[in-house]
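Some notes on the structure that comes next.
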Amino acid sequence: MHQKVVIVTGASKGIGKAIAERISEDGYKVINFDIILPKENDNNIEYLSCDISSETEVKKSFDYIIQKYHQLYAIVNNAGIIKDNVIWKMSSNDFDKVININLKGTWLMCREAVKYMKEKHFGKIINISSRAWLGNPGQTNYSASKSGIIGLSRALALEVGKFNITVNIIAPGLIKTELTDHLPPHVLQKLIDAQPQKNIGKPEDIANVATFLLNEKTSFINGQIIYVDGGKSIGQGIN
Ligand SMILES: NC(=O)c1ccc[n+]([C@@H]2O[C@H](COP(=O)([O-])OP(=O)(O)OC[C@H]3O[C@@H](n4cnc5c(N)ncnc54)[C@H](O)[C@@H]3O)[C@@H](O)[C@H]2O)c1
């Protein structure tokens, strides 16, 4: 196997799918860890059923991939969910679900990857956070999970740098996927109006940055948050 193996979580649709397709075109061997099957079968992208919030499933899936390919170049932790509500209406179950998948799932994936990468003295980790880590009303659970990913990634970059492993974060802003398609139209329009460029991004906008970070030539970038959000993270003007 001469192709570099990259695991992408949640690549059956949305941003993960765009990342998987783009990096597969760029020559990587892509494995998709997801809980749902992709709608269209892509022979170049291998699907593995894996719930990233399950320690047992994550361990089993890693063992399988390492035994099969004997290498791992990178992981892209993209899988994530939302369960939005104002805090006074949010159930603790919806808090736990979001934290368990978005934050603990990312942590479980990082732990298994690092165990292997540190032995090989090489690896790249990309964690997908969100501009919402800065704070979004109705997303106390989601914002907490996405800022958790930032703390986790920065601490991890410091821990594993000596093993030649880099850890970077992409913080997408508003991107058109099923996740945003499910928002009430008036809410989506408000979000678009709040964008400096009054627009919504495409999953490919994130995929372009993921492939940039996966390139060996960008390995001096480490521990950074790259916002891909049309400028929303700059703050709000009065226009
Ligand atoms: N769409 C946006 O505007 C936006 C903005 C900022 C950040 N993000 C983040 O980008 C990532 C992808 O978002 P999206 O819009 O493509 O979402 P999406 O809902 O379209 O796709 C998410 C994918 O993750 C998978 N998934 C969910 N739970 C899983 C689990 N336990 N184990 C494995 N896979 C699981 C789903 O099956 C799905 O294929 C998420 O982490 C999300 O928080 C999205």
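The values are calculated or read from the model by the stated rules, or taken from the named source; none is laboratory data. Keep in mind that what you see is a predicted model, and the values were worked out from it rather than measured. In this analysis, Cβ positions are derived from the backbone assuming ideal geometry, glycine residues included, and neighbour counts consider all displayed protein chains.
Residues being modelled with pLDDT under 95 and more than 10 Å from the ligand (Cβ to nearest atom) are represented in region 44-60 by at least one member.
The residues of region 34-45 that are surrounded by 18 or more Cβ atoms within 10 Å (Cβ to Cβ) and charged (D, E, K, R) amount to a single one, Asp34.
Yes or no, residue by residue, for (1) at pLDDT 95 or above; (2) polar (S, T, N, Q); (3) over 21 Å from Ile149 (Cα atoms):
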{"site": "Val167", "(1), (2), (3)": "yes, no, no"}
{"site": "Pro172", "(1), (2), (3)": "yes, no, no"}
{"site": "Thr180", "(1), (2), (3)": "no, yes, no"}
{"site": "Lys190", "(1), (2), (3)": "no, no, yes"}
{"site": "Ile200", "(1), (2), (3)": "yes, no, yes"}
{"site": "Ala207", "(1), (2), (3)": "yes, no, no"}
{"site": "Phe212", "(1), (2), (3)": "yes, no, no"}
{"site": "Asn222", "(1), (2), (3)": "yes, yes, no"}
{"site": "Ile238", "(1), (2), (3)": "no, no, yes"}
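Among the candidates Ser143, Ser153, the residue that is among the polar types (S, T, N, Q) and either in contact (Cβ under 8 Å) with a residue 60 or more places away in the chain or more than 11 Å from the ligand (Cβ to nearest atom) (or both) is uniquely Ser153. In the set Lys115, Lys97, Lys83, only one residue is outside any helix (DSSP H, G or I), farther than 20 Å from Ile225 by Cβ and among the charged types (D, E, K, R); that residue is Lys83.
Residues that are closer than 28 Å to Gly27 by Cα, surrounded by 21 or more Cβ atoms within 10 Å (Cβ to Cβ) and not β-branched (Val, Ile, Thr): does region 189-202 have at least one? Scanning region 189-202 turns up at least one residue that is closer than 28 Å to Gly27 by Cα, surrounded by 21 or more Cβ atoms within 10 Å (Cβ to Cβ) and not β-branched (Val, Ile, Thr).
Residues of region 214-231 include none that is within 15 Å of the ligand (Cβ to nearest atom) and farther than 25 Å from Arg22 by Cα. With respect to the conditions (1) more than 17 Å from Ile234 (Cβ to Cβ); (2) away from the ligand (no atom under 14 Å from the Cβ); (3) over 17 Å from the mean Cα position of the chain (by Cα), Asp193 falls short on a single one, namely (1).
Considering region 1-18, the residues that are more than 9 Å from the ligand (Cβ to nearest atom) and of a type outside the set (D, E, K, R) include one that is modelled with the lowest pLDDT, namely Met1. Going through (1) within 23 Å of Asn208 (Cβ to Cβ); (2) surrounded by 19 or more Cβ atoms within 10 Å (Cβ to Cβ); (3) of a type in the set (S, T, N, Q) one by one, Ser53 falls short only on (1). Of the residues making up region 213-239, those that are of a type in the set (S, T, N, Q) and either more than 28 Å from Phe163 (Cβ to Cβ) or free of Cβ contacts under 8 Å to residues at least 60 places away in the same chain (or both) are Asn215, Thr218, Gln224, Ser233, Gln236, Asn239.
Only one of the numbered conditions (1) under 22 Å from Lys115 (Cα atoms); (2) of a type in the set (Asp, Glu); (3) surrounded by 13 or more Cβ atoms within 10 Å (Cβ to Cβ) is violated by Asp63, and that is (3).
Across region 94-140, the number of residues qualifying as within 24 Å of Lys60 (Cβ to Cβ), of a type in the set (Gly, Ala, Ser) and within 9 Å of the ligand (Cβ to nearest atom) comes to 1.
Of the listed requirements (1) surrounded by 19 or more Cβ atoms within 10 Å (Cβ to Cβ); (2) more than 17 Å from Lys13 (Cα to Cα); (3) among the β-branched types (Val, Ile, Thr), Thr177 misses just one: (2). Checking each residue in region 176-212 for being touching a residue at least 12 places away in the same chain (Cβ under 8 Å) and among the β-branched types (Val, Ile, Thr) picks out Thr177, Thr180, Ile192, Ile200, Ile206, Val209, Thr211.
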